[in-house]
1. As a test, work out the antiparallel percent of DSSP beta bridges whose residues both lie in segment B:2-224, rounded to the nearest 5.
2. Taking loop as defined by DSSP and a crowding limit of 15 other beta carbons within 10 Å, which GluC sites (Glu not before Pro) in segment B:67-112 fit?
3. Filter the cross-link list A:Lys5/A:Lys109; A:Lys11/A:Lys197; A:Lys11/B:Lys131; A:Lys131/B:Lys155; A:Lys263/B:Lys11; B:Lys131/B:Lys179 down to pairs whose alpha-carbon distance in this structure exceeds 18 Å.
4. For segment B:226-291, please report how many Lys pairs fall under 19 Å Cα to Cα, leaving out neighbours fewer than 8 apart on the same chain.
5. Given the whole protein assembly as supplied and a 1.4 Å probe, what does the accessible area of A:Phe89 come to in Å², nearest 10?
6. Excluding residues on the same chain fewer than 8 positions from B:Lys21, give the aspartates and glutamates whose Cα lies under 14 Å from its Cα.
7. Give me the net charge of A:Arg250's neighbourhood, meaning all other residues with Cβ under 15 Å from the Cβ of A:Arg250; Lys, Arg count +1, Asp, Glu -1.
8. Can you pull the accessible area of A:Trp232 for me, 1.4 Å probe, Å² to the nearest 10?
Amino acid sequence: MINSKQAAIIKKDIFAIVSNKQLLTALIIVPLVFTVFFPTIFILIIRFAPDQVNNIEQILNMLPEDMRTGDMQTTIIAFLLDNIMPLFFTIIPILASSIMAASSFVGEKEKRTLETLLYSPLTLTQMFQAKVWASFVISMAVTYASFVIMLIVVEALLLFAFGNMILPGLSWLFILLAVTPAMSLLAITLIVRGSAKAQTMEDSQQRSVFLVLPIMLVIVGQFMGIVLINPWYLLIAGAVLGAIAALLMRGSMKKFTYEALLKR
Amino acid sequence: MNVIITENLSKTYDGGKEAVKNLTLTLEQGEVFGFLGPNGAGKTTAVKLLNGTVSHTTGSCRVFDIDPMTKPEELHQISGVLTEHAQMYDHMTGLDNLLFFGAVFGLSAGESKTRALGLLEELELFDAKDKRLSTYSTGMRQRLSLARAMIHKPKILFLDEPTSGLDPESILSVNRMIKNLAENEGVTIFLCTHQLRYAQEICCRYGLIDDGIMFANGTLDELRGLVSGGTTVKIKTDTDIHEIQVEDESEIPAIVKRIVNEGGNIYSVSTEKPSLEDVYFALTNKIDPARGGASA
């Protein structure tokens, strides 16, 4: 599926992002904020200052009976872990793949290295497949690493604060296997579609806002009035979003010509 | 064997600019062809047309019997391209850049390394091979780009202003390399430049282009035949230096005899043929404004 020439491009693109301190910092800091900083704050507030959370009682009252299994604090933590954190988590693959794809597609154009690549013995489709793979691999690596870090931090905090651990629910499995890959592909598709017109990486990265905004709205919605998402719907949503991304990507690749890419 | 054949090849960009107009050209294997003209004449567009990175508006072209428009990737496997805008990666070392492009062209890691080190040595970049490209001077970058264009041993090289930014010594070593490739390895060179003196040192045939039109092509002698003036004879006597225009060198002995018979002493006699630059400007003035073509 991937030939050795494409593998060389994937390796080069990954190395490019890893060796760029600015981009690497962005790739590390943002996920850390979502997976370490936010849950730590939540857990510590709920453990040590539950009175500071104004609508904690309201949230509790809105939860269905079967979710109110333990004491108030455990119920809230479980709700945060399985209903709020996954939403924050979907932002990670979007941001990671936006940074990576913008560097890989538009960054090459900006630095005038794309033209050199266009004289290589790869079809435009093969070249773009390689670049999509590079963005996808980095995005998923960041996402999965973030999950592992988050799990370690959250479980350690729970053990420290409450003396017991709360394991993540089924929704996390579908988030990790279906939703995050689909979100990542969608973000890459948005960047790829705009790559012929975009002249700078910043222009290009801004396109991912179109994906982040709806998620932010859902997060706000979770705090205002709860939207409980059935884990199986997540699986379906992941599959549908993935299919849309794949179709859009295929359409974008067909439209690419050397001339459009070289236009400055 | 003709390796490039174009017939009435034209390119009009979206904005309406006609960059190349009715280019008809053939190039033989192992030729060093100088495509000469001022900046903006259409040289780079011609290179892009011949490599399939811009689409032609009318006409046709084949390079090594491949249509660049339909199978650009096949052509790129056997062609090397150096253009001003085709840059390499600043964050990588010179050697790593070459190894990367070697891999992209399908060379094994071992082949890439052997080839890259050989080219770095030949282009006097060996000592800088482990330095990042961002630390390279303009001339070093240009030489590394040349090495990159040759990493996969192409059958044809498209060099757009290859000596831009190079010092005189580097120009000499690049010239030696290009001549060697053409003469000993049969590589065809399509060299675009506006530096006419440089082109005269290295090319065996020329195409002169301005405003998208190739208005003359042929060997230097053939191009000289298109302009009047012939050979200039310089005769240094005890009183003066005489510059006399002759159509043919057979006229020289009679001139010398006449000076001697008139009592003059001759210290030296030399002949000077019009340079490529002289021919270029003579042709430019001759063709303009009608912009018809001239072919030798």
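1. So the antiparallel bridges in segment B:2-224 amount to around 50 percent.
2. Working: sites: B:Glu73, B:Glu74, B:Glu84, B:Glu111; in loops: B:Glu84.
Answer by residue number: B:Glu84.
3. Numbers: A:Lys5/A:Lys109 20 Å; A:Lys11/A:Lys197 26 Å; A:Lys11/B:Lys131 20 Å; A:Lys131/B:Lys155 28 Å; A:Lys263/B:Lys11 15 Å; B:Lys131/B:Lys179 29 Å.
Those over the limit are A:Lys5/A:Lys109; A:Lys11/A:Lys197; A:Lys11/B:Lys131; A:Lys131/B:Lys155; B:Lys131/B:Lys179.
4. On the way: B:Lys234/B:Lys257; B:Lys234/B:Lys273; B:Lys236/B:Lys257; B:Lys236/B:Lys273; B:Lys273/B:Lys286.
Going through segment B:226-291 pair by pair, I get 5.
5. The value for A:Phe89 is about 0 Å².
6. Those aspartates and glutamates meeting the cut-off are B:Glu7, B:Asp210, B:Asp211.
7. Working: positive: A:Lys131, A:Arg193, A:Lys254, A:Lys255; negative: none.
Within the 15 Å Cβ shell, the charges total +4.
8. Near enough 140 Å² of accessible area.
The values are calculated or read from the model by the stated rules, or taken from the named source; none is laboratory data. All values derive from a computational prediction rather than experimental measurement. Here Cβ is always computed from backbone atoms with ideal geometry, including for glycine, and neighbour counts include all displayed protein chains. Just so you know, the surface numbers come from the protein's heavy atoms only, side chains and all, with ligands and any DNA or RNA stripped out. Shrake-Rupley method; radii C 1.70, N 1.55, O 1.52, S 1.80 Å.
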